[in-house]
Amino acid sequence: MPTMGALHAGHAELVRLARARADRRAARVVVTVFVNPTQFNESADFDRYPRTLDADLRACADAGADAVLAPAPDTVYPPGRPIPVPDLPGVATEPGLEDAFRPGHFAGVCQVVSRLFDLTEPAAGVFGEKDWQQLQVIRAMTLAQGRPIDIVPAPTVREPDGLAMSSRNRLLSPEARAAAPAIPRAIRRAAACDRPEPAERALTDELTAGGIAPEYAVVRDAETLLAPCGRSCRVLVAARVGGVRLIDNAPWPGPSEAPAT
Ligand code: PAF
């Protein structure tokens, strides 16, 4: 389970999911903690990314990990030995979402995930659904590389007010933390609309009412992340709240109400 550390309750759920899966296969759970410099397109974002290794080690042990690999930068990127950036799948370059707002990000993610896969040789990799485009990118990359690794999605874990758990939440000021639940609120409103255009309008309206100007707020195909939607769709939002970049997503349309009995 690759992570960048600053682990929270959402990560602990991912480790528990990995633990349950590993137990069924007599396998072991290895968590990697590495703040990967090559996927940050802003050096200030890299510098202020929270680093909490001691707490991370305790969280991994409590959630049932067998081992933590927290490599030094020289282990991942040995001096004098360039680590290749794999060919990027279309979903990493075409949708105009994370790819457009964080240029170079997926090149860094694919580079480090390939490298971590080489170092750990896993049978499966667990990745959170909160980073939905990343999940699709890693799936497509792993398939294209012919690696026999199952990419296992793990559901987003939320705070009681709906905010998706994220290592970046701890960077939010009290005011920004109070404003941030407008994102899951907007997503819930969009999920209740039955066509993409009204859903995207509902997203923008709700975010604007909450004082948030999104980088994107869209309904897209769940796999390609292109418009129009195919059989399965996703609503996706990215926004800076008080200077902290947050992302979130959910299936679209949302689950219909259970019929009254
Ligand atoms: O999602 C993350 O935390 C990172 O992008 C990942 C997959 C660990 C690669 O550094």
* Asked: Do we find a residue being surrounded by 15 or more Cβ atoms within 10 Å (Cβ to Cβ), more than 16 Å from the chain's Cα centre (by Cα), among the aliphatic types (A, V, I, L, M) and more than 14 Å from residue 185 (Cα to Cα) anywhere in the range 246-258?
  -> no
- Go through the residues of the range 69-91 one by one and say whether even a single one is over 25 Å from residue 7 (Cα atoms), touching a Leu at 6+ places or on another chain (Cβ under 8 Å) and either more than 16 Å from the ligand (Cβ to nearest atom) or in a helix (DSSP H, G or I) (or both). yes
When every residue in the range 98-115 that is of a type in the set (A, V, I, L, M) and either away from the ligand (no atom under 15 Å from the Cβ) or surrounded by fewer than 21 Cβ atoms within 10 Å (Cβ to Cβ) (or both) is compared, the one farthest from residue 150 (Cα to Cα) is 100
For helices (runs of 4 or more DSSP H) lying entirely in the range 1-65, having 3 or more residues that are within 14 Å of residue 126 (Cα to Cα) picks out 9-24
Counted residues in the range 16-43 being over 21 Å from residue 77 (Cα atoms) and either more than 16 Å from the ligand (Cβ to nearest atom) or out of contact with any Lys or Arg (no Cβ under 9 Å at 6 or more places or on another chain) (or both) come to 13
Sole miss for residue 139 among (1) of a type in the set (D, E, K, R); (2) within 15 Å of the ligand (Cβ to nearest atom); (3) within 21 Å of residue 215 (Cβ to Cβ) is condition (3)
Within the range 116-136, the residues that are of a type in the set (Phe, Trp, Tyr), closer than 28 Å to residue 183 by Cα and more than 10 Å from the ligand (Cβ to nearest atom) are 132
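Bear in mind these aren't lab numbers, they're just calculated from the coordinates by the rules spelled out. Bear in mind that the values here come from a model prediction, so they are computed numbers and not experimental data. Heads up, the Cβs are rebuilt from the backbone with ideal geometry, glycines too, and the neighbour counts pull from every protein chain shown.
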